[in-house]
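J.: The structure follows.
Each reported figure results from applying straightforward, stated rules to the coordinates on display, with no laboratory input. The structure presented is a predicted model; accordingly, all values stated were derived computationally and were not measured. Cβ atoms come from the backbone with ideal geometry, glycine included; neighbour counts cover every protein chain shown.
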Amino acid sequence: MKFTQELIILLKARYPIIYINTTEENRVEYLIRKTIKTNLNRSIYTWDFIEGYTNNPNNPNFGKRNPLQALELVEKLTSETPAIFILKDFNHFLKDVSILRKLKNLLRILKLQPKTIIILSSEIIIPSELQDFITILDFKLPSKEEIESELIRLTQSLNLSISAQLLENLSRASQGLSMERIRRVLSKIITLHKTVDNKSISIILEEKQEIIKQTQILEYWPVTENIENIGGMPYLKNWLKQRAMSFSQKATNYGLPTPRGLLLVGIQGTGKSLTSKIIASYWQLPLLKLDVGKIFGGVVGESEARLRKMITTAEVLAPCILWIDEIDKVFSKNQSSGDSGTSNRVLATFISWLSEKKSSVFVVATANDISLLPLEIIRKGRFDEIFFLDLPTKLEREEIFKIHLKYFRPETYFNYNLKKLSEKSQGFSGAEIKQSIIDSMYLAFSEEREFTNEDIYNSLKDTIPLAYLNESKIKELQNWALSGRIRLAS
């Protein structure tokens with residue numbers, strides 16, 4: 001149900017006190033006035049602590065710096081005067097005993113007369129004594145359609161012409177921003193570039209970073225990686241390419257459900273974290289990294305509240321990628337129960353959200369050991385797919401060497417013997433291959449010469465890969481993956 005429809009129902013049903021949680025005061029007030037003018041015949045009185053009632057013709061600034069007096073206006077108006085009283089930031093006074101008592105005394109009048117108190121606030125603070133009498137009404141950030149309309153209006157007012165595709169990209173990037181922020185960031189774009197084009201999207205994403213920083217739980221990760229930076233993994237690449245346009249309006253019109261998420265399981269150094277970054281880059285979505293350690297707090301209920309705040313922020317910024325690195329270390333079924341059940345409660349909240357979320361938040365979780373994860377996380381419905389990232393094959397190692405050498409020596413990478421390097425790196429992960437090249441570069445640099453194939457061979461010879469250090473565990477993981485219970489990336 002739309003905000004305006006729900007507001008009309010509550011007003012007609014004579015709900016005494018409506019609490020609207022929003023940071024967009026001006027937009028809410030505009031919609032309330034527009035709704036009342038169209039559907040109901042009521043006077044509107046707006047109050048704030050500094051200026052009092054600004055639209056009371058009989059007594060300007062009535063209730064200035066006096067919240068108790070602000071409530072007295074409800075009694076002063078005759079019962080024949082239908083009215084709405086918009087009180088801004090009034091939640092800060094609700095704990096005052098005189099305000100609390102006055103509101104309780106006014107309840108009888110509010111129920112019998114066509115009068116309603118509307119509290120506007122950016123946070124929800126309601127004393128337990130008033131919880132039965134106050135109704136919370138959600139005011140969501142502007143929808144994609146509202147953003148499109150506003151962008152069209154703003155660009156037309158500036159005599160700028162933008163394509164339908166650019167409009168969709170800008171609208172999608174702006175989701176999660178208030179209308180005021182969208183107007184500000186568009187002004188910034190015009191100031192910097194004198195026009196609106198595809199470069200504008202990066203500026204919008206920078207604006208979103210400010211929202212992310214305020215959570216202190218999520219971190220915005222700028223991504224520049226290309227999907228071709230992944231060596232091998234053709235099945236995983238194909239899966240990602242098939243879903244590259246899944247967040248577009250065209251996909252919605254086709255009836256496609258939004259992808260839910262991906263669980264990447266595999267040996268350390270096989271590219272799980274890199275894949276998370278590449279998904280965001282390839283799909284052109286902002287990447288948010290969740291620092292799970294910061295969710296857990298010492299106060300009872302604090303951890304669950306922080307998780308809900310993280311979920312709310314991610315949904316506000318949707319469509320986006322939410323990256324949870326090494327989820328098996330946080331939600332382990334072998335985890336100690338000495339935290340009074342906090343981990344279990346956080347896990348239950350997280351799993352419930354994974355199953356029921358309707359927002360376009362694509363969750364990418366990585367795990368080194370899937371056997372540590374509770375079955376509730378890995379069962380169908382939580383993620384769209386679970387992929388196993390194994391140690392690279394001979395051909396994949398050759399491709400990985402080519403990617404890294406091309407990065408370090410773009411002009412001469414073809415001089416290196418990729419085939420022989422691949423043969424000598426049996427059992428090496430992608431991360432270990434990269435490190436072997438870096439080690440050979442350090443050696444050659446110290447001797448003031450260019451690094452050679454022989455330097456890399458020696459580096460590989462001196463390195464003991466993880467596959468040899470923990471051979472039995474890795475073999476067990478590989479056998480489990482080959483049993484058919486998980487999808488292979490290669």
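J.: To the nearest Å, what is the center-to-center distance of segment 384-438 and segment 1-39, using C-alpha atoms only?
T.: So the separation of the two Cα centres works out to 60 Å.
J.: Find, among the trypsin sites (Lys or Arg not before Pro) in segment 148-232, those assigned to loop by DSSP (not H, G, I, E, B) with at most 14 other beta-carbon atoms within 10 angstrom.
T.: Counting only loop positions with at most 14 other Cβ atoms within 10 Å, the trypsin sites (Lys or Arg not before Pro) in segment 148-232 are K194, K199.
J.: For segment 351-490, what mean projected area does the convex hull of the alpha carbons give, in nm²?
T.: Averaged projected hull area, Cα only: 11.0 nm².
J.: Name the trypsin sites (Lys or Arg not before Pro) in segment 1-71 that are in a loop by DSSP and that have at most 14 other C-beta atoms within 10 Å, would you?
T.: Details: sites: K2, K12, R14, R27, R33, K34, K37, R42, K64, R65; in loops: K2, R14, R42, K64, R65.
Those that pass, being in a loop and sparsely packed, are K2, R14, R65.
J.: Mind checking the alpha-carbon convex hull of the chain and giving the volume per residue in Å³?
T.: In the chain, the Cα hull volume divided by residue count equals 207 Å³.
J.: Between L482 and N238, how high is the FRET efficiency from 1/(1 + (r/R0)^6) when r is the Cβ-Cβ distance and R₀ = 35 Å? Nearest 0.05.
T.: Details: r = 20 Å, r/R0 = 0.56.
E between L482 and N238, to the nearest 0.05, is 0.95.
J.: Among L166, M179, S202, whose Cα projects farthest towards the positive end of the dipole of segment 144-212, with charges put on the beta-carbon of Lys, Arg (+1) and Asp, Glu (-1)?
T.: Final value for the positive-end residue is S202.
J.: From the P(r) of segment 190-280, can you give the percent of Cα pairs sitting at distances over 16 Å?
T.: 70 percent
J.: What does the helix-only formula give at 222 nm for the chain: each DSSP H stretch with n ≥ 4 adding -39500 (n - 2.57), the total divided by the residues, and the result rounded to the nearest 500 deg cm²/dmol?
T.: On the way: 20 runs with 231 residues, N = 490.
The helix-only estimate for the chain comes to -14500 deg cm²/dmol at 222 nm.
J.: Net charge near K394: determine it from the other residues with C-beta under 14 Å of the C-beta of K394, scoring Lys and Arg +1 and Asp and Glu -1.
T.: 0
J.: Mind listing the Cα extents of segment 394-468 along all three principal axes, in Å, largest one first?
T.: 33, 22, 17
J.: Let me ask something additional. Quick one: longest stretch of the chain between exposed loop GluC sites (Glu not before Pro), exposed meaning at most 14 other C-beta atoms within 10 Å and loop per DSSP?
T.: For GluC sites (Glu not before Pro) (loop position, at most 14 other Cβ atoms within 10 Å), the longest site-free span of the chain is 124-410.
J.: While we're on this one: So how much slack lies between T195 and S122, counting 0.36 nm per residue of separation and subtracting their Cα-Cα distance, in nm?
T.: Working: separation 73, 0.36 × 73 = 26.28 nm, distance 3.33 nm.
Taking T195 through S122 to full extension adds about 22.9 nm, to one decimal.
J.: Please state the charge dipole magnitude for the chain, taken about the Cα centre, from unit charges on C-beta atoms (+1 on K and R, -1 on D and E), reported in debye and rounded to the nearest 20.
T.: 1640 debye
J.: For segment 348-435, which trypsin sites (Lys or Arg not before Pro) are in a loop by DSSP, counting at most 12 other Cβ atoms within 10 Å?
T.: When the trypsin sites (Lys or Arg not before Pro) of segment 348-435 are filtered for loop state and at most 12 Cβ neighbours within 10 Å, K358, R379, K380 remain.
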